[in-house]
């Protein structure tokens, strides 16, 4: 059978106020029937623009040259780059479908998920509401949504992140397309949910017969799912090869650099030994910066709903200069503990001492003095920055709030120092948050957290949405700043390899309880708790041969 997608010499240019920007330059690709093609590269490499051109989803500011030939299962073909709006609507969903990166924004919050799946079915054929609903229930069952007869009438906010991703995949599969374009389908999902979504995408290929174009920055996901890999850099296709060949013997220097940047479990041992060697004598006897004993945090129920216990009798400590890695699934209580340490969430029971202040029962006037000694790096810097302020004004805000500077202009000297410390040019201070890339915004967020020279830094998933090369630079930067400034840190993440690189000790949370704690060698090298072993088994490793063996073992244990 002919290739389902054939891209020939594609060039895409965007018109901007600063002049034309070439996003894709001379890319030629093919998608074979029944294969998973992974397109990888840094942010801004053109991979999403290339994939969106398959469905003609580029904005009006884009100028497209070249051909994007899309063939359907009946043998018909069309050049998507030349199609009109009405013809494009016929192609989308039926011949090719898209799984967008963020399901929360892809789903309409005011309609039920069943209505949204049925909408695509009815738009492409004469079908009654009853028939469309029945098909929506069937496709929800096939993608693994429990009790689909009831859940079909639920709204997006009533589903978890992994379930919403399944709903978006169900929408894409509803019309049985030949090609599914999946744009970062596992970004920010914890490893167990990620493993379930990868299994579902594999079923899209094996059971539904759809080819998959996978856009991702996670090389473990590539090793687990892809048949062939295309590597993009600055709008150009630099290398493509079968997945095993690419991982075993990458030809291009950029591909080698990309693979070298991938964190692997076990690499953190050497870093931990270096950090331990730098500690002063008597470090073990110092008072902890943070000490939790039987910590309990409960969210009160509303509208006659029972209380929700988010954290249940958790005990841990963080000593001066120590990094504690906190891992677990979404909903395990990781972020709740971080927010409680910063005084942003009320402690319900037990004890939580932060910088000598007992947070259980503490009033705001008791907590306020320690706020200047605690830095917080939020998970999504795009939403934590005020879009109306420049980066310099955002970074200066803690200095102004705590009286270290009279205004953002007065603090500009300190802001410039902080930007240089996180490897951003001073001129970036005059830009607005939307004018920075994801990695640059995360560095600016780190600069803001360090503005007051904190004794304790709380980092909540700071690298979850970054591609591997940017993530590697941010992790190296974190390690370098920690070495220079000596702050204690709570590093929250669902990526076990990232935590292994940075943390002195790792604590594993499951449903609000601490199930295991120890050094990286103890927790990741010899896990004792079944939940920790399940987390490790779910984590895809950036090696296709090893990952295939791990998946076979995981499937055997699951059955």
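The values are calculated or read from the model by the stated rules, or taken from the named source; none is laboratory data. Here the structure is a predicted model, which means the values were calculated and not measured. Note that we place each Cβ from the backbone using ideal geometry, even for glycine, and neighbour counts take in every protein chain shown.
Couple of notes before you dig in:
- Any hit, segment 245-253, residues being at pLDDT 90 or above, within 27 Å of residue 55 (Cβ to Cβ) and touching a strand residue (DSSP E or B) at 6+ places or on another chain (Cβ under 6 Å): yes
- If the condition is being in contact with a helix residue (DSSP H, G or I) (Cβ under 9 Å, 6 or more places away or on another chain), surrounded by fewer than 15 Cβ atoms within 10 Å (Cβ to Cβ) and part of a helix (DSSP H, G or I), then segment 139-164 contributes 149, 157, 158.
- Filtered by the rule that a residue be in contact with a helix residue (DSSP H, G or I) (Cβ under 8 Å, 6 or more places away or on another chain), crowded, with 18+ Cβ neighbours inside 10 Å and not in a strand (DSSP E or B), segment 323-354 gives 328, 329, 342, 343, 345, 347.
- Out of 264, 244, 279, 251, sole residue that is in contact with a helix residue (DSSP H, G or I) (Cβ under 7 Å, 6 or more places away or on another chain), surrounded by fewer than 18 Cβ atoms within 10 Å (Cβ to Cβ) and assigned to a loop (DSSP other than H, G, I, E, B): 264
- Test: residue in segment 38-58 that is at pLDDT 90 or above, over 22 Å from residue 436 (Cβ atoms) and more than 28 Å from the chain's Cα centre (by Cα): no
- Residue 165 vs. criteria closer than 19 Å to residue 330 by Cβ, out of contact with any strand residue (DSSP E or B) (no Cβ under 9 Å at 6 or more places or on another chain) and modelled with pLDDT under 90: no
- The criterion of at least 2 residues that are touching a helix residue (DSSP H, G or I) at 6+ places or on another chain (Cβ under 6 Å) and crowded, with 17+ Cβ neighbours inside 10 Å is met, among strands (runs of 3 or more DSSP E) falling completely within segment 3-51, by 21-31, 36-40.
- Check on residue 408, buried (at least 19 other Cβ atoms within 10 Å of the Cβ) and assigned to a helix (DSSP H, G or I): no
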